[in-house]
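Q: To start, I am sharing the structure in question, which I have written as structure tokens.
The values are calculated or read from the model by the stated rules, or taken from the named source; none is laboratory data. Only a predicted model underlies this, so the values are computations on that prediction, with no experimental measurement involved. Here the Cβ is made from the backbone with ideal geometry for all residues, glycine too, and neighbour counts use every protein chain on show. Accessible surface is based on the protein model in full, side chains and every heavy atom, while ligands, DNA and RNA are left aside. Shrake-Rupley method; radii C 1.70, N 1.55, O 1.52, S 1.80 Å.
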Amino acid sequence: MTDPAEPLAHPAPAGEEPPPGCPAHAGAVPLTGLEYQQTPSELYRALRREHGPVAPVLLDGGIPAWLVLGYTEVTYVTSHDELFARDSRRWNQWANIPQDWPLLPFVGYQPSVLFTEGEEHRRRAGVITEALEGIDQFELSHECLLIADDLIARFAGSGQAELMADYVHALPMRTVVQMCGMPATGEDTRRLVDDLRISLDAGEGDDDPVAAYARVGERLRQLVKEKRAVPGHDVTSRMLTHPAGLTDEEVVQDLISVIAAAQQPTANWICNTLRLLLTDERFAVNVSGGRLSVGEALNEVLWLDTPTQNFIGRWAVRDVQLGGRQIRAGDCLVLGLAAANTDPQIWPEGHVGAENAAHLSFSNGEHRCPYPAPLLADVMARTAVETLLERLPDLVLAVEPEELVWRPSIWMRGLLDLPVRFTPVVQ
């Protein structure tokens, strides 16, 4: 592993020509294709062998960027905001980006906590942190349990279910919107969450992600207006009444970040943990009739099948070197969180353990998921998994493990479907 005292990035000599391997040159790898979507770990290994810890890649439409694969390099980038900043207006590719570019919801600058820097970021992140700290984790666990029981009751008598639609996405969706002060059910809520998914992870046949993102903003503006008039005991109201005095539009933008970070990643964390429990013999029913720790499975998934595979991004403040690569001012860096978690430099001989929580699944540095968001996500995921296994103890896959299909995405890691069967439960 690289000596932590050795500088990984430093200013490049002025006037030096871009070397071979710069994203503008041949050799950049498109971040598309079935190989990437279904077996991304194999592609990460291939990229690491060919390019090292920082690889030249092409985003949608052939737009150049860098994929940071190394654990040490991702940690360095996220720890040095003075070199790799979050304000996407620095990007040197804006002249080449069409107005309907599908990744605009990721990178188009918004007055959101995601794109703020320095003291302004600390102010905005502090509001989110205090709003989330107002959530009682025991009450949250109880609410999740009630939602889980309600969802399970709807299919328990049939002896079969498709868990992604019937349970996995629905539980965190209902929980998160309740936390923010919206009705947990209803067509309005369903459309909001669906639009958010489309805007951040559009699949084949989905609506325009840019239009979906605009609809999300309009619905949350209405929510903020309602809570400004009649505050309640919810995250939105606490953000609006915080002494920092955020404007309504700042609260809207930061709510988008909160809901996006909480709903879909948590759903895929639940999904990937259930897949592991149902397919890995280490987690099969043991001799005492119980299962090995759900907590172990949850943590292993964050190392090996983390819900957020890649995160875009950081933008170089000036010319620097990183992982042996010349990075130009304004270049975009994609954080390869999944690749970093399985970096052979931190897991010698190919053995990836799950005994600790030093993974990068919640990112790192000032822009990591704000405390206590990871704890709240753990409450939701753990309650969802444990409740399902307790209510349906003989739950098994309804298909062979190799028939499960991952959602075609380079950003999120989750299944399209998770069909199961079990002994019907008479209500």
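Q: Could you tell me which residue of segment 26-47 is modelled with the highest pLDDT, considering only residues that are open to solvent by 40 Å² or more (accessible area, probe 1.4 Å) and closer than 17 Å to ARG325 by Cβ?
A: Step one: list which residues in segment 26-47 are open to solvent by 40 Å² or more (accessible area, probe 1.4 Å), which gives 26-27, 30, 32, 34-35, 38-39, 41-42, 45.
Okay, now just the ones that are also closer than 17 Å to ARG325 by Cβ, so 26-27.
Values: ALA26: 58, GLY27: 81.
Among those that are open to solvent by 40 Å² or more (accessible area, probe 1.4 Å) and closer than 17 Å to ARG325 by Cβ, it is GLY27.
Q: Moving on to the next point. Scan segment 129-141 and tell me whether some residue there is in contact (Cβ under 8 Å) with a residue 40 or more places away in the chain and farther than 19 Å from PRO370 by Cα. I'd like the intermediate steps shown before the answer.
A: Let us first name the residues in segment 129-141 that are in contact (Cβ under 8 Å) with a residue 40 or more places away in the chain, namely 129-135, 137, 140-141.
Still in the list and also farther than 19 Å from PRO370 by Cα: 141.
Yes, because at least one residue in segment 129-141 is in contact (Cβ under 8 Å) with a residue 40 or more places away in the chain and farther than 19 Å from PRO370 by Cα.
Q: Every residue in segment 221-259 that is touching a Ser or Thr at 6+ places or on another chain (Cβ under 8 Å) and of a type in the set (A, V, I, L, M), please.
A: LEU223, VAL224, VAL251, LEU255, ILE256
Q: Further question on the same structure: Please give the number of the condition GLY232 fails out of (1) free of Cβ contacts under 8 Å to residues at least 40 places away in the same chain; (2) not in a helix (DSSP H, G or I).
A: Here GLY232 clears every test but (1).
Q: Looking at LEU114, LEU104, LEU132, can you tell me which residue is aliphatic (A, V, I, L, M) and modelled with pLDDT of 95 or more?
A: Details: LEU114 fails: modelled with pLDDT of 95 or more; LEU104 fails: modelled with pLDDT of 95 or more.
Exactly one of LEU114, LEU104, LEU132 is aliphatic (A, V, I, L, M) and modelled with pLDDT of 95 or more, namely LEU132.
Q: Give the residues of segment 224-239 that are surrounded by fewer than 21 Cβ atoms within 10 Å (Cβ to Cβ) and aliphatic (A, V, I, L, M), sorted by residue number.
A: ALA229, VAL230
Q: I'd like to verify a number: residues in segment 90-107 that are over 23 Å from TYR44 (Cβ atoms) and either touching a residue at least 24 places away in the same chain (Cβ under 8 Å) or in contact with a Cys (Cβ under 7 Å, 6 or more places away or on another chain) (or both), how many?
A: Going through segment 90-107, the residues over 23 Å from TYR44 (Cβ atoms) turn out to be 90-101, 104-105.
Right, trim to either touching a residue at least 24 places away in the same chain (Cβ under 8 Å) or in contact with a Cys (Cβ under 7 Å, 6 or more places away or on another chain) (or both) and you get 90-93, 96-101, 104-105.
Number of matching residues: 12.
Q: Inspect segment 256-263 for any residue being modelled with pLDDT under 90, open to solvent by 40 Å² or more (accessible area, probe 1.4 Å) and more than 16 Å from SER112 (Cβ to Cβ) and give the result as yes or no.
A: Within segment 256-263, none of the residues are modelled with pLDDT under 90, open to solvent by 40 Å² or more (accessible area, probe 1.4 Å) and more than 16 Å from SER112 (Cβ to Cβ).
Yes/no per residue for (1) open to solvent by 50 Å² or more (accessible area, probe 1.4 Å); (2) among the aliphatic types (A, V, I, L, M); (3) modelled with pLDDT under 95:
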{"residue": "LEU145", "(1), (2), (3)": "yes, yes, no"}
{"residue": "PHE155", "(1), (2), (3)": "no, no, no"}
{"residue": "GLY159", "(1), (2), (3)": "no, no, no"}
{"residue": "LEU163", "(1), (2), (3)": "no, yes, no"}
{"residue": "VAL176", "(1), (2), (3)": "no, yes, yes"}
{"residue": "ASP188", "(1), (2), (3)": "yes, no, yes"}
{"residue": "LEU192", "(1), (2), (3)": "no, yes, yes"}
{"residue": "ALA202", "(1), (2), (3)": "no, yes, yes"}
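Q: To continue, here is another question. Can you pull out the residues in segment 113-127 that are in contact (Cβ under 8 Å) with a residue 12 or more places away in the chain, surrounded by fewer than 18 Cβ atoms within 10 Å (Cβ to Cβ) and either hydroxyl-bearing (Ser, Thr, Tyr) or farther than 19 Å from ALA261 by Cβ (or both)?
A: The answer is GLY118, and nothing else.
Q: In addition: If you go through segment 49-79, how many residues are more than 17 Å from TRP411 (Cβ to Cβ), surrounded by fewer than 21 Cβ atoms within 10 Å (Cβ to Cβ) and not β-branched (Val, Ile, Thr)?
A: 6
Q: Turning to a different aspect of this structure: Could you pull out the residue among ARG48, ARG86 that is more than 21 Å from the chain's Cα centre (by Cα) and either closer than 22 Å to SER361 by Cβ or of a type in the set (Ser, Thr, Tyr) (or both)?
A: Details: ARG86 fails: more than 21 Å from the chain's Cα centre (by Cα).
None of the other options fit; the residue is ARG48.
Q: Oh, and also: Among residues belonging to segment 401-426 that are surrounded by fewer than 18 Cβ atoms within 10 Å (Cβ to Cβ) and closer than 15 Å to GLN160 by Cα, point out the one that is nearest to the chain's Cα centre (by Cα).
A: It comes out as ASP417.
Q: Another one. Quick test of your reading of the structure: GLU82 fulfils all but one of (1) open to solvent by 50 Å² or more (accessible area, probe 1.4 Å); (2) modelled with pLDDT of 95 or more; (3) within 14 Å of ASP343 (Cα to Cα). Name the failing condition by number.
A: (3)
Q: At least 2 residues that are modelled with pLDDT under 95, open to solvent by 20 Å² or more (accessible area, probe 1.4 Å) and under 26 Å from CYS144 (Cβ atoms) in each: list the strands (runs of 3 or more DSSP E) lying fully within segment 283-391 that qualify.
A: Numbers: elements: 311-316, 320-322, 325-327, 332-335.
Ranges flagged: none.
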